[in-house]
Amino acid sequence: MSKQLDLQLKDIDKKTDRLVEIDSLMPLSAPYDKEGMEPDFVKVKDAWKEKYCTSLDGIIGVDTLVRPSTPEEDKFVHKFINGLAKLFADSNKNFLQPLTLTMEYCVKCNTCSEACHIYKSTNQNELYRPIFRSEVLRKIYKKYFTRGGKLLGKFVGADIDINWETIARLGELAYRCNLCRRCAQTCPLGLDNGMLTREIRKIFSQELGIAPTFLHSKGSVRQLETGSSTGITKAALLDNLEFMEEDIEEKTGRKIKIPIDKKSADILLTHNTGEFMAWPENPAAFAILFEEAGLNWTLSSSMMGYDNVNYGIWYDDNMAQKIALQQFQAAKELGVRRIVIGECGHAHKAAAISADRMTYGENKVPVESCLPILWELVRTKRLTFNPAKNNFPVTLHDPCNVVRQMGIVQPQRNIIKTICPGFREMTPHGVDNYCCGGGSGFAIMQSLNFADFRNKVSTRVKFDQILRAFGDDVGNRDIVKYVCAPCSNCKGAIRDMLAYYQATDKFNIHYGGLVELMVNALSTIDKPYLTFTDELMP
Amino acid sequence: MDFIEIDSKKIELNEDGFLKELGEWNTGVAEAISLQEGIELSEKHWIVITFVREYYTKYNVPPMMKKVLKSTGLNLKELFSNNPVESVMKIAGLPKPTGCV
């Protein structure tokens, strides 16, 4: 096993139990700058070593990437190489050009490394340098697909053995990147190592049928079968909505009938269905605000009409397209004028960007983000607020898909600046933000020891940003502190991070969405909407 | 493969500690899994387990925990763990929750 700074590219095929150890982590800011403030990595079980690919860094992200019997290994390698060839074919239309440019033009200036939160949080572990995996892919490509590589091998960098271990390690490594594309934004040549990582995931899913269970078989596939990756069916959805209506009345005194399947409404509001199960106060807050503003809106209860998630954009073009087209179809059947995406980052990107040219004309329904609409309601005073009700420190986490991938930066800030006197920015923020560490599926990959990687490594920089944003207020337990994260995945990652570091119990740091803050400050409601008591305690 | 043993019968768990075959669940299995979780089941625990199982049978998904709390009036964190959703589902012999929850 190499020390993390000694690891070299050619080690990727090395016969060893583990390529590299995560032996150093970025120190956290006060009060987490003392020893013993975080748990250690869970020990890798021997049974896991036999079954999975633990030979990269000891973490298992891809629980379906299991060691085949020896005769099957060649088939595996062959399929991978076949899939790699397809990435460079015309049929990979949307990605072919940026992929080819990224493969050919990287000058290894390493500007991207400085931008990567995972590289930063591990004190520059070579394995997580954004171009490490790209370079491995280049070596494999050279070896099989260039004349020089075939003839001259190691003299032109095609110097690694390609076997199950090498490729499985690359497969795992494709799940050590959040696809946040901060590296792509900073690359002086405009190359995109984030996209390249996703291309590797695509080979595994589309050619080898290998993707993390919670993204694929219990994610996309479940969504296409039941209507939601949570498994929430129409009946369960209606039950949840009924519960929410009762809860709204109790909390605010208002009797609201949440509109469902209203034909020809202006807005079809779609949520990440995880919200209904884990954070029902978020869709409830949307209902309160939209009703108060008198919008002509509806939810859908039809199959593929209520869950806006599309995990396909993290690993598989075919799944992404299947889901997106059925979501458009559900909106079309309802006859709404536009789809408005609630507080879910990847759903923003999936529906508004990725799916934009998957269909057109009659089959397409315009897609908008909820954020500019909410800001418009605030700006025009269709909603009025008493900011004094949000009299606690608030910081804003920017979901990568909303800021970097879509350029929606100001509306959410304008709202918070209007309703939260204690607002302070994180550093950096906006399009330069850091990922929450849950991006690209990490927030929902809860198998084996992957949560360790998320909590200790991929969310580390974000946790430190939160600590620094609250500064001296962190240590004061009497002050409630609120991390506003307008995205379900980000909330999942932040929830787990705060629990892992016991930051709520010890330092009174809370998290939630944007609309909850808005309802909390509404001048027309007397009772506070945010209570900051533990929601799982009576 | 992890397993629990009841009356010298081995019952398999998956790597995340959930029952492999949901049909193998009974109250004895619940007791055994809860011991692994470091929880001793009381009457209050059973109120929660029964509620969650009934909801699951009806809807095929776990209930929102807020609903469990409201319906039972019990402190889930105190009864189960810091991650009560997983813990309850595990002991109730139901699958691990999926999706962005």
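The values are calculated or read from the model by the stated rules, or taken from the named source; none is laboratory data. As the structure is a computational prediction, the values presented were derived from the model and not from experiment. In this analysis, Cβ positions are derived from the backbone assuming ideal geometry, glycine residues included, and neighbour counts consider all displayed protein chains.
General observations
- From the list A:ARG357, A:ARG337, A:ARG382, the lone residue that is of a type in the set (Lys, Arg) and within 20 Å of A:VAL515 (Cβ to Cβ) is A:ARG382.
- Apart from one condition, B:GLU12 fits all of (1) of a type in the set (D, E, K, R); (2) at the interface with another protein chain (Cβ under 9 Å from one of its Cβ atoms); (3) in a strand (DSSP E or B); the exception is (2).
- The condition (being crowded, with 17+ Cβ neighbours inside 10 Å, assigned to a helix (DSSP H, G or I), under 27 Å from the mean Cα position of the chain (by Cα) and at negative phi) is satisfied by just one residue among A:LEU96, A:LEU127, A:LEU56, A:LEU101: A:LEU127.
- Scanning the range A:231-244 for residues that are more than 13 Å from A:GLU281 (Cβ to Cβ) and either of a type in the set (Gly, Ala, Ser) or more than 25 Å from the chain's Cα centre (by Cα) (or both), we see that the one that is surrounded by the fewest Cβ atoms within 10 Å (Cβ to Cβ) is A:GLU242.
- Residue within the range A:393-403 that is charged (D, E, K, R), more than 18 Å from A:ALA285 (Cβ to Cβ), touching a Pro at 6+ places or on another chain (Cβ under 9 Å) and crowded, with 20+ Cβ neighbours inside 10 Å present: yes
- Looking only at the range B:63-96, and only at residues there that are closer than 20 Å to A:LYS234 by Cα and facing another protein chain (nearest Cβ under 7 Å), the one that is surrounded by the most Cβ atoms within 10 Å (Cβ to Cβ): B:MET64
- Residue match in the range A:213-223 (condition: aromatic (Phe, Trp, Tyr), more than 22 Å from A:LYS79 (Cα to Cα), part of a helix (DSSP H, G or I) and at pLDDT 95 or above): no
- Qualifying positions in the range A:10-30 - closer than 21 Å to A:LYS120 by Cβ and either in the same structural domain as A:VAL457 (by TED's automatic domain parsing) or assigned to a loop (DSSP other than H, G, I, E, B) (or both): A:LEU19, A:GLU21, A:ILE22, A:ASP23, A:SER24, A:LEU25, A:MET26, A:PRO27, A:LEU28, A:SER29, A:ALA30
- Scanning the range A:119-170 for residues that are over 17 Å from A:PHE204 (Cα atoms), in contact (Cβ under 8 Å) with a residue 24 or more places away in the chain and aromatic (Phe, Trp, Tyr) yields A:TYR128, A:PHE132, A:TYR144, A:PHE145.
- Residue satisfying condition, being assigned to a loop (DSSP other than H, G, I, E, B) and more than 29 Å from A:THR427 (Cβ to Cβ), within set A:LYS86, A:LYS34, A:LYS43: A:LYS43
- Note on the range A:1-36: among residues that are closer than 17 Å to A:ASP161 by Cα and without any contact (Cβ under 8 Å) to a residue 24 or more places away in the chain, the one that is farthest from the chain's Cα centre (by Cα) is A:LYS14.
- Residues in the range A:331-356 that are under 27 Å from A:GLY439 (Cα atoms) and either part of a helix (DSSP H, G or I) or free of Cβ contacts under 8 Å to residues at least 24 places away in the same chain (or both): A:ALA331, A:GLY345, A:HIS346, A:ALA347, A:HIS348, A:LYS349, A:ALA350, A:ALA351, A:ALA352, A:ILE353, A:SER354, A:ASP356.
- Residue in the range A:250-262 that is without any contact (Cβ under 8 Å) to a residue 12 or more places away in the chain and either away from every other protein chain (no Cβ under 14 Å) or surrounded by fewer than 19 Cβ atoms within 10 Å (Cβ to Cβ) (or both) present: yes
- Residue count, the range B:32-51 (criterion: under 11 Å from the mean Cα position of the chain (by Cα), exposed (fewer than 13 other Cβ atoms within 10 Å of the Cβ) and outside any helix (DSSP H, G or I)): 0
- Wholly enclosed helices (runs of 4 or more DSSP H) of the range A:455-538 bearing at least 3 residues more than 14 Å from every other protein chain (Cβ to nearest Cβ): A:460-470, A:514-521
- Test set (1) basic (Lys, Arg); (2) touching a Gly at 6+ places or on another chain (Cβ under 9 Å); (3) crowded, with 21+ Cβ neighbours inside 10 Å - A:LYS349 fails condition number: (2)
- Any hit, the range B:15-34, residues being within 30 Å of A:LEU224 (Cβ to Cβ), in contact with a strand residue (DSSP E or B) (Cβ under 9 Å, 6 or more places away or on another chain), within 7 Å of chain A (Cβ to nearest Cβ) and among the charged types (D, E, K, R): yes
- The residues of the range A:440-462 that are hydroxyl-bearing (Ser, Thr, Tyr) and crowded, with 23+ Cβ neighbours inside 10 Å, listed by number, are A:SER440, A:SER458, A:THR459.
- Scanning the range A:272-328 for residues that are part of a helix (DSSP H, G or I), within 12 Å of chain B (Cβ to nearest Cβ) and aliphatic (A, V, I, L, M) yields A:MET277, A:ALA278, A:ALA284.
- Residue match in the range A:242-253 (condition: assigned to a strand (DSSP E or B) and of a type in the set (S, T, N, Q)): no
- When the test is whether a residue is within 16 Å of A:ARG222 (Cα to Cα), assigned by TED's automatic domain parsing to the domain that holds A:TRP375 and touching a Cys at 6+ places or on another chain (Cβ under 8 Å), A:GLY274 passes it.
- Some residue of the range A:440-449 being of a type in the set (S, T, N, Q) and either part of a helix (DSSP H, G or I) or under 22 Å from A:LEU517 (Cβ atoms) (or both): yes
- Filter result for A:MET358 (surrounded by 21 or more Cβ atoms within 10 Å (Cβ to Cβ) and modelled with pLDDT under 95): no
- Of the residues making up the range A:110-118, at least one is crowded, with 18+ Cβ neighbours inside 10 Å and under 30 Å from B:ASN14 (Cβ atoms).
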